[in-house]
Amino acid sequence: MANPLLKIEDLHAAVQGKEILRGIDLAVGAGEVHAIMGPNGSGKSTLAGVLAGRDSYEVTAGRVTYAGQDLLEMAPEDRASAGVFLAFQYPVEIPGVGNLYFLRAALNAQRRQRGEEELDAADFLQLAKKRMKLLEMDDTLTRRAVNEGFSGGEKKRNEIFQMAMLEPKLAILDETDSGLDIDALKVVAQGVNALRDAQRAMLVITHYQRLLNYIVPDYVHVLAAGRIVKSGGKELALELEEKGYGWLEPEAAAV
Amino acid sequence: MSAATLTAPPAPAVYTVPDAAYERAFAAIAARSGEPAVLRQLRRSAFAQLQQRGFPTSKHEEYRQTNLAAVLQRSAFALPERPGAAALRAAERAAHPGAAFGGPQLTFVDGHFTPELSRLKSLPAGVRAGALLAANDAGDDRLARLGELADIGGENTLVAFNTAFFSDGAWVEIAPGAQVDAQIEIVHLATGGAGVPTMAHPRQLILAGRGSRAKVVETYLSLNGAAHLTNAVTEIFVAENAELEHARLQQENTAACHISAVHSRQAADSRLRLHALTFGGALTRNDVVTVLHGPGAEALLNGLYVAEGRQHVDNHTVLDHAEPRGASREYYRGILDGQATTAFRGRILVRPDAQHTDAVQSDKNLLLSSDCTANADPQLEIRADDVRCTHGATFGQIDEEALFYLRSRGVGAEMARHLLIFAFAAEALGRLNPSPLRTRLETELFSRWTGLTPPEGAEASGG
Ligand SMILES: Nc1ncnc2c1ncn2[C@@H]1O[C@H](COP(=O)(O)OP(=O)(O)OP(=O)(O)O)[C@@H](O)[C@H]1O
Ligand SMILES: [Mg+2]
């Protein structure tokens, strides 16, 4: 890959002095879907958080280049405007802030930042209706406060609804499948697939091969103890499903 | 050891006797002709009570956080006459905060009923309203009800202070069964005077008839930045199965001293929603005493206080469950910035007869600076055994995780912070039934923090 959209080199990150990411190298090209699997606590969400700009992590070494820019230098909102989107493993409830209001504020903040024209109320609602249909979202949900009192599955669906509204270039989905029932999983996966195109890259974090039946990845990586210990094609996910992580590096199995 | 050291030290003075200036001011009122005998008698007793006890100092258990005596004794306050033409003109501009509401309105300037700025023609069916003193001219016996709930002999001597000095007040009566959609407005404007700070002692008497439903809003405003004192008393009677929503909106200037007492009594199966919304004032002290006096009564106490700079806000509430199957929900929320200080004391009393009481109390504070101080002091006194009663208080900063969530979607750091402050307040506003007042406050607070006007149609707060 000559100029990947995202290039992670020897990335180390720590939380409260404890090193969680211990040298990650990964290149993701436009149009590619990479799945990241790995045991609990191996650092998957940490990696996602570092990429989105969560400031509770301290990057101790390495670099991340996104669309030719030093990603780690950018504020979270600037990363968003540049096209980075994180679907949270645990979406946050924000009582008192309306879902649609928030999305419109976010979308227009991004557009302003990119020097594009803001969407007016009518255009915004039209777009929202289209995306709600794609994700089979009930409008009683979108009219409520952000994630407030949403069920686990509703929160995950709302993350993908937001992604569909914001149309990022790099989407990082952190265990979007957990909490979804079988039907919801299909709907959400369809939503994600509808957004797949040659310009957009995705980093799909999951524990289950099942999701990858719907969102078929180009590459699968195994993250263990803060390192990528194995990479392969989509067959790797099947192999992991069958054998678990024990057959990989002893270090990985020990986590 | 000498005998002297064995005798107990004298008890600290919990009250101070009012300054002589108040005596002269009262003499002028007592000499006023034309007031009915029942009122003159009430005023005399009230002033006697005040003189005997005086203003509470911070040695008084109920006033530890707020030394009212220090404020009330520092300077004498002038009791203004009816507003002159100039004051009326100034008042006119401010008099209709709810102009767009278009509903009935009683306006008072420095405590005097001001018909020119009021809207009492074509009251909705089932509503009677007017100035307390005028009402009595017409042969009503309402004055006799004054003080039935707000006792001039009580610990809270500010009630006696009000009763001795009040210039006039609002009376609102909802007929049994009346369903009133229009919001009934009571607006109090303070002119602040020139040089000497003024005082006003607004008074409200609200009677909600059996099975009625209505909304009453009291709004307190200053016409300029001059210091003044407001010492208001509201008495609310909610008859069987009636539903009353009552909001008290304090938006006086930040030099004002605002003291209030709201006393309510609910009959069986009635529902009362009391909102205490405090934004203004250098020093604010609100007392709410709610008695669930019939079985199955429900009360909501919803408080929001926003204080910055050196503002001080002290909310004391008493929820008195006297009868079985009562439900009370008490939610107070504070947003503090600068060097603001606030206090919340919530007393819940469940009397022996009040079995199956269900009471919930919470006080949440959002602290935006490191120099502000919030206090919470829940007091549960439970004398029945089959009750559910919970309480909690929190003090916290902006939620970092929520902040990151908003920013990760592209909302700038500053805007995200402001949205979250608004959201904290919006939750309290969300407990008001949908009304023009709620919409107006949402708009005002949204702009206050974000500097933007909320988008039309898109509910900024959701829900
Ligand atoms: N704020 C924090 N403080 C202390 N430890 C943390 C913090 N955040 C993460 N960690 C630790 O870092 C390690 C990696 O966590 P991370 O959430 O990245 O794992 P994960 O791979 O996403 O796990 P899962 O599959 O369970 O979601 C864990 O051991 C976790 O306890
Ligand atoms: Mg995780």
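What the table shows:
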item: In sequence order, calculated HN-Hα J values of region A:49-57 (Karplus, 6.51, -1.76, 1.60; Hz; x Gly/Pro); result: x, 4, 5, 8, x, 5, 8, 7, 9
item: Solvent-accessible area per residue, Å², over region A:6-254 with all protein chains present [probe radius 1.4 Å]; result: 42
item: Solvent-accessible area lost in complex, 30 Å² minimum, residues of region A:125-166 relative to chain alone, 1.4 Å; result: A:Arg143
item: Cut-off under 5 Å, modelled amide H: who pairs with B:Lys215 long-range; result: B:Ile184, B:Glu245
item: At least 30 Å² accessible surface lost relative to isolated chain, residues of region A:76-94 (1.4 Å probe); result: A:Pro76, A:Glu77, A:Phe88, A:Val92, A:Ile94
item: Cβ-derived FRET efficiency at R0 25 Å, A:Val216 paired with A:Ile182, nearest 0.05; result: 0.90
item: Amide H partners (placed H, <5 Å) of B:His391, local residues excluded; result: B:Gln361
item: Förster radius 56 Å - calculated FRET efficiency between B:Ile382 and A:Arg111 (Cβ-Cβ, nearest 0.05); result: 0.50
item: Pairwise label distance in nanometres, B:Arg93 with B:Thr443, each label 7 Å out on the Cα-Cβ vector; result: 1.9
item: Buried solvent-accessible surface, both chains (B, A), 1.4 Å probe, Å² to nearest 100; result: 2400
item: Charged-residue dipole, Cβ positions (Lys, Arg, Asp, Glu), the protein assembly as shown about Cα centre, Debye nearest 20; result: 1200
item: Within the accessible area of region B:399-463 (1.4 Å probe), percent carbon and sulfur; result: 53
item: Acute angle (nearest 10 degrees) that the helix A:152-166 long axis makes with the longest principal axis of chain A, alpha-carbon atoms; result: 70
item: Region B:399-463 shape via C-alpha gyration tensor axes, a/c threshold 1.5; result: prolate
item: Solvent accessible area, Å² - B:Thr394, 1.4 Å probe, full protein context; result: 70
item: Accessible surface of region A:113-209 [probe 1.4 Å, protein heavy atoms]: carbon and sulfur percent; result: 46
item: Accessible surface of B:Glu308 - all protein chains present, 1.4 Å probe, nearest 10 Å²; result: 90
item: Viscosity 1.567 mPa s, 4 °C: Kirkwood-radius Stokes-Einstein D of the protein assembly as shown over Cα pairs, µm²/s; result: 45
item: Amide H partners (placed H, <5 Å) of B:Arg271, local residues excluded; result: B:Ala242, B:Glu243, B:Leu244, B:Glu298
item: In Hz, Karplus ³J(HN,Hα) per residue of region B:260-274 (6.51, -1.76, 1.60; θ = phi - 60°; x = Gly, Pro); result: 9, 9, 10, 10, 9, 9, 10, 8, 3, 6, 8, 10, 10, 10, 10
item: Nearest 10 degrees, 0 to 90: helix A:99-113 Cα axis against chain A principal axis; result: 80
item: Gyration tensor (alpha-carbon) shape descriptor, region A:131-255, a/c threshold 1.5; result: prolate
item: Estimated inter-spin distance, A:Asp10 and B:Gln339, nm [label 7 Å along Cα→Cβ]; result: 5.3
item: For chain B: accessible area per residue (Å², 1.4 Å); result: 38
item: Using a Förster distance of 41 Å, the FRET efficiency for B:Ser369-B:Ser122 (Cβ separation, nearest 0.05); result: 0.25
item: For B:His418, solvent-accessible area (1.4 Å; no DNA, RNA or ligand), Å²; result: 40
item: Relative contact order, percent, chain A [alpha-carbon distance under 8 Å, six or more residues apart]; result: 27
item: Residues losing 30 Å² or more accessible surface upon assembly, region B:404-419, compared with the chain by itself, 1.4 Å; result: B:Phe404, B:Tyr405, B:Leu406, B:Arg407, B:Ser408, B:Arg409, B:Gly410, B:Val411, B:Leu419
item: Gyration tensor verdict on chain B (Cα atoms; rounded if a/c is under 1.5, prolate if a/b is larger than b/c, oblate otherwise); result: rounded
item: Heavy-atom accessible surface of region B:152-258: percent carbon and sulfur, 1.4 Å; result: 52
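The values are calculated or read from the model by the stated rules, or taken from the named source; none is laboratory data. Not measured: the values here are computed from a predicted model. As a convention, Cβ positions derive from the backbone with ideal geometry for all residues, glycine included, and neighbour counts pool all protein chains shown. What goes into the accessible areas is simple: the full protein's heavy atoms, side chains included, and nothing from ligands, DNA or RNA. Shrake-Rupley method; radii C 1.70, N 1.55, O 1.52, S 1.80 Å.
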